[in-house]
Each structure stands twice: as C-alpha cells, then as structure tokens.
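See below for the structure under consideration.
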Amino acid sequence: MASKERAGAGSVDEPTDQLALRRANLSRTLRHIRINGPRSRAAIAAATGLHKATVSSLVDELLSRRLVREIGTEHSGSAGRPGRGIALSPDVGAVGIEINVDYLAVHGSDLTGRTVIEKRVSFDAKGRDVERCLDDLTQAAQRTLAELVRRGVTPVGLTVAVPGLVDVGRGVVVLAPNLGWRDVPVATRLAHGLDPDLWIMVDNDANLAAQAEYTWGVAAGTDDLVYLTGEVGVGGGVIVNGRLLRGADGFSGEVGHLPVEPGGSKCGCGRTGCWETKVGLAELVRRATPDVAYGLEQGPIPDPEERVAEVLRRLARGDKAVAAAVAEVGHWLGHGGAILVNLFNPRVIVLGGYFAELADHLIPSAQANLARMAVASTAARCHFVASHLGFTAAARGGAGVIVERMIEDPTAVSLAPAPTLAVAR
Ligand SMILES: [Zn+2]
C-alpha cells in the first residue's frame, strides 16, 4: 500500500489524454489530503503546484463523488490564506473478510481509515464443502455490508482474504491447501449475491496483512519488512523497498511451505517437512496441549484464540513441558526466519496471528536461532516483533486495498451522484 505521496501527472500543457490527466490530479489531491490531513483549497494548490482554479474544480468533483467533505476548521496553507478545510469523507468505506480454516474475520472501515466494524467468528471451513463455504461467505459479506450502511458508511468494495495462492486479476483461488480449495472463482461467485456495482477483490491473506502492517502496524513505514502469520497454516508477505513482492504469477510469500525438515511430517499441501508443520498452530497445539489437539474435538471446534489461551494458561501455571514445546516452536520460527533473512535482508519480521499472542514466549528462542543461522552479520539487526493488529490484520488490509484503489482512481467511484454539480471531465 503506497503510503508515500506520489508525483502527480505532468504539467497541463502536456499533450496527453485529458481524462487520464484529470484522473491523476484527482488522485493526487485525494492522496495529499490523506497524507497531510484536512487542507484548504489554497493550501492544496500551494503544496501540489496545481492552479487554484484547477484545485477548486478537482475538489468539486471529489465532493460530488462523496470522497471528501468540507469541514468548518480553518487551515492556513503555506500560501498563508485560510479557507474551509477539505477532509476525507467518513461516508464511504470498504470491507475486508478473511476466510481461514477455523474462523472468519471481518473489518469495515471508512475512507479516513477509521475502524467501523471489527469481529471474528469461529468457522469450520474444513467441515463444509466449497459451495457451502461460498454461501456462508456471501452471507457474511451481505451482513457486514448492511451493517456498514446502517452505521452511515456506503461501501464501495470488498476484498476476500484467503490463505492460499490467488490469481488476483481474475479473483480466483488457485490453491488453498488448508481449505482444500483448488481453482475456486471466489469473486464471480460472490458477485452473484452482492450489489453489482460493488468492487470485489480476492487476495492472499498474508499479503494483505503485510500491507496492513506496512500502513498501520507496529513497524509501519519500515521499507524492508517480512510479515508472518501463524494460523493452522503459516503465511508470509514480503515487503522490499516499500513494495509488496508478488513474483511472476503473484504466488510469492508461500513461506509456510519452505522445506525445512527432509522426511518430516506430512503437510496440508501434500509435501513433507514444510515449515508450517513445525510452527503452525496445529503443531503448537499438538506439542503443547496434546489432549486438545486438532482433530480430537467432540463438539464445535474451538476458536483459535481459545486454543492459544489454553497454552498461555498452562504456561502461567509453570508447566515445563508446555514451556519446552513453545520454545521448540520458537526455535523453528528462528530457523525459517533465518532463511527469510538470508534471502530478503528485512529490518524487521512482524509476527501476526497466534505468533503475536505468544510472542513473549516464542521470540527469545526464535531470535537466538535466527542469530545462529543467518549468514550476514547484519542479521543481528533484524528483529522479531509482535503485531498489534490482531487476528483481523488481513481483513483490515483487504479493506485498505479497496481504499487505495479509490484513491488511485477516484473517477471509478460512482456513488449516488449529486446532479446539481457539473463534473468537468
Ligand atoms: Zn506444505
């Protein structure tokens, strides 16, 4: 997610497509307000170098598209002229929904970044076939979108976060081993049950969470950052020089399937000895609390947080076997972390999902093994830190990419047009 102000389009005498120029300047104006906060028209003109009349016209269009609003506060720009402030609108927003093996997480926020809805419910994805999952996902989307509207925010789009390989362009989940999904056209399927004007995107959960971390997280703005999410599976998002690394087909970041133990345990992907068989939540639970391991459930499956809480309770009681099991998982976390450090030289590895909740117990052994295994001496400068975005980081990142798309191309947003305003294009 771009958090830096980008250069705008060229000068007005550039003999290029006027529509593209207009779009770029609308985006530039919106981004300027997003980064700098409410600004007067005069201040925007002074900071961007655009003519005041152009800024006025751009602001009029953004007002008609309901992407900004006027606020009473007077702000002085560098030109020293006070004017009515133009602020991002809290009336439009976006939704992110993460589907995972054992939960659904939803996040709704408005254009200003304010969280409007945030919740997580346990969800047994493995116990449902794909069609049933998609029905339930559609209903969860409908409920969340309706709730956002009830709270006065018009949703422009929705992103579904999935733990697997995603063809982002087509909105198809190519493979999600832990869900048992292959070639599932999630975007098309969801579109049948939702407003046809709604933007629907599908992306990898860890990629979205990495973008959320880079934008709002504990290490926000750190240009070389690796995000790891510990769920039943383990996902990763790699940010290099401020940009998410996607790879030729968009499938990078499948760190959970790094082969770390030849001949090791069978993984959900069909291979053996993958990293997530050593550090995934199922493995932690199997080692630390074997009496309540995955697959032994008698009734409804426990929420992942309940499983982690049980591990924490036993740690607090001083259970040495549990402490040893957690330290062993931490050791393997450092093992895979060292591979990532050797490859990408990140400044920080942000731990999300269950890793964050157990961070105090995992990081000491992880950091020690990282220091031992990373080749470069500068590896000592890469630290594990716990995310504070919680289990909804991916959903939050999902809402964030819709907001980013609105800012990238404000002309794509058409919400109840205001007929009294002529839109110059
Ligand atoms: Zn695997």
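For segment 23-57, give me each residue that is touching a residue at least 60 places away in the same chain (Cβ under 8 Å) and either within 23 Å of Ala220 (Cβ to Cβ) or charged (D, E, K, R) (or both). Quick ask: steps written out before the conclusion?
Filtering segment 23-57 for residues touching a residue at least 60 places away in the same chain (Cβ under 8 Å) gives 23, 26-27, 30-31, 34, 57.
Result: Arg23, Ser27, Leu30, Arg31, Arg34.
When each of His361, His388, His383 is tested for being in contact with a Lys or Arg (Cβ under 9 Å, 6 or more places away or on another chain), under 25 Å from Glu328 (Cα atoms) and at pLDDT 85 or above, the lone residue that passes is His383.
Cβ-Cβ distances below 6 Å connect the following pairs, each with a first residue in segment 344-362 that is closer than 20 Å to Tyr103 by Cβ, a second residue that is assigned to a loop (DSSP other than H, G, I, E, B) and among the charged types (D, E, K, R), and a separation of six or more residues or different chains: Gly353/Glu231. Answer yes or no: is there a residue in segment 320-341 that is without any contact (Cβ under 8 Å) to a residue 24 or more places away in the chain, open to solvent by less than 30 Å² (accessible area, probe 1.4 Å), in contact with a strand residue (DSSP E or B) (Cβ under 9 Å, 6 or more places away or on another chain) and of a type outside the set (Ser, Thr, Tyr). No; the residues of segment 320-341 include none that is without any contact (Cβ under 8 Å) to a residue 24 or more places away in the chain, open to solvent by less than 30 Å² (accessible area, probe 1.4 Å), in contact with a strand residue (DSSP E or B) (Cβ under 9 Å, 6 or more places away or on another chain) and of a type outside the set (Ser, Thr, Tyr).
Taken together, the criteria exclude Ala141 from residues that are open to solvent by 40 Å² or more (accessible area, probe 1.4 Å), at pLDDT 95 or above and not in a loop (DSSP other than H, G, I, E, B). Condition (residue is part of a loop (DSSP other than H, G, I, E, B), without any contact (Cβ under 8 Å) to a residue 24 or more places away in the chain and more than 12 Å from the ligand (Cβ to nearest atom)) applied to segment 270-292: is it met by at least one residue? No; the residues of segment 270-292 include none that is part of a loop (DSSP other than H, G, I, E, B), without any contact (Cβ under 8 Å) to a residue 24 or more places away in the chain and more than 12 Å from the ligand (Cβ to nearest atom).
If only residues of segment 88-106 that are open to solvent by less than 10 Å² (accessible area, probe 1.4 Å) and of a type in the set (D, E, K, R) are counted, the one that is nearest to Thr392 (Cα to Cα) is Glu98.
List the strands (runs of 3 or more DSSP E) that sit entirely inside segment 158-231 and contain at least 1 residues that are acidic (Asp, Glu) and in contact (Cβ under 8 Å) with a residue 12 or more places away in the chain. Can you show your working first?
Values: elements: 165-167, 172-176, 181-184, 199-204, 225-230.
The qualifying strands (runs of 3 or more DSSP E) are 165-167, 199-204.
When the residues of segment 107-122 are narrowed to those that are open to solvent by less than 10 Å² (accessible area, probe 1.4 Å) and not small (Gly, Ala, Ser), which ends up farthest from Val403 (Cα to Cα)? Among residues in segment 107-122 that are open to solvent by less than 10 Å² (accessible area, probe 1.4 Å) and not small (Gly, Ala, Ser), the one farthest from Val403 (Cα to Cα) is Ile117. Within segment 81-111, no residue satisfies the criterion of being part of a loop (DSSP other than H, G, I, E, B), in contact (Cβ under 8 Å) with a residue 40 or more places away in the chain and hydroxyl-bearing (Ser, Thr, Tyr).
Within segment 232-245, the set of residues being assigned to a strand (DSSP E or B) and either of a type in the set (Ser, Thr, Tyr) or within 11 Å of the ligand (Cβ to nearest atom) (or both) comprises Val234 only. The conditions of being at positive phi and in contact with a strand residue (DSSP E or B) (Cβ under 9 Å, 6 or more places away or on another chain) are met by Gly353. Considering only residues of segment 251-269 that are farther than 30 Å from Gly171 by Cβ and more than 12 Å from the ligand (Cβ to nearest atom), which is most open to solvent (accessible area, probe 1.4 Å)? For segment 251-269, the residue satisfying everything is Pro262. For segment 270-307, the tally of residues that are loosely packed, with under 14 Cβ neighbours inside 10 Å and under 25 Å from Ala321 (Cα atoms) stands at 7. Regarding segment 218-225, can at least one residue be identified that is open to solvent by 10 Å² or more (accessible area, probe 1.4 Å), touching a His at 6+ places or on another chain (Cβ under 8 Å) and farther than 27 Å from Thr138 by Cα? Yes, because at least one residue in segment 218-225 is open to solvent by 10 Å² or more (accessible area, probe 1.4 Å), touching a His at 6+ places or on another chain (Cβ under 8 Å) and farther than 27 Å from Thr138 by Cα.
Can you tell me which residue among Ala248, Ala161, Ala210 is more than 15 Å from the ligand (Cβ to nearest atom) and either open to solvent by 20 Å² or more (accessible area, probe 1.4 Å) or out of contact with any Gly (no Cβ under 7 Å at 6 or more places or on another chain) (or both)?
Working: Ala161 fails: either open to solvent by 20 Å² or more (accessible area, probe 1.4 Å) or out of contact with any Gly (no Cβ under 7 Å at 6 or more places or on another chain) (or both); Ala210 fails: either open to solvent by 20 Å² or more (accessible area, probe 1.4 Å) or out of contact with any Gly (no Cβ under 7 Å at 6 or more places or on another chain) (or both).
Exactly one of Ala248, Ala161, Ala210 is more than 15 Å from the ligand (Cβ to nearest atom) and either open to solvent by 20 Å² or more (accessible area, probe 1.4 Å) or out of contact with any Gly (no Cβ under 7 Å at 6 or more places or on another chain) (or both), namely Ala248.
Quick one: is Glu310 out of contact with any helix residue (DSSP H, G or I) (no Cβ under 7 Å at 6 or more places or on another chain), under 25 Å from Val385 (Cα atoms) and either open to solvent by 40 Å² or more (accessible area, probe 1.4 Å) or outside any loop (DSSP other than H, G, I, E, B) (or both)? Against the criterion (out of contact with any helix residue (DSSP H, G or I) (no Cβ under 7 Å at 6 or more places or on another chain), under 25 Å from Val385 (Cα atoms) and either open to solvent by 40 Å² or more (accessible area, probe 1.4 Å) or outside any loop (DSSP other than H, G, I, E, B) (or both)), Glu310 does not qualify.
The values are calculated or read from the model by the stated rules, or taken from the named source; none is laboratory data. These numbers come from a predicted model, not from an experiment. Backbone-built Cβ (ideal geometry, glycine too); neighbour counts: all protein chains shown. Accessible surface is based on the protein model in full, side chains and every heavy atom, while ligands, DNA and RNA are left aside. Shrake-Rupley method; radii C 1.70, N 1.55, O 1.52, S 1.80 Å.
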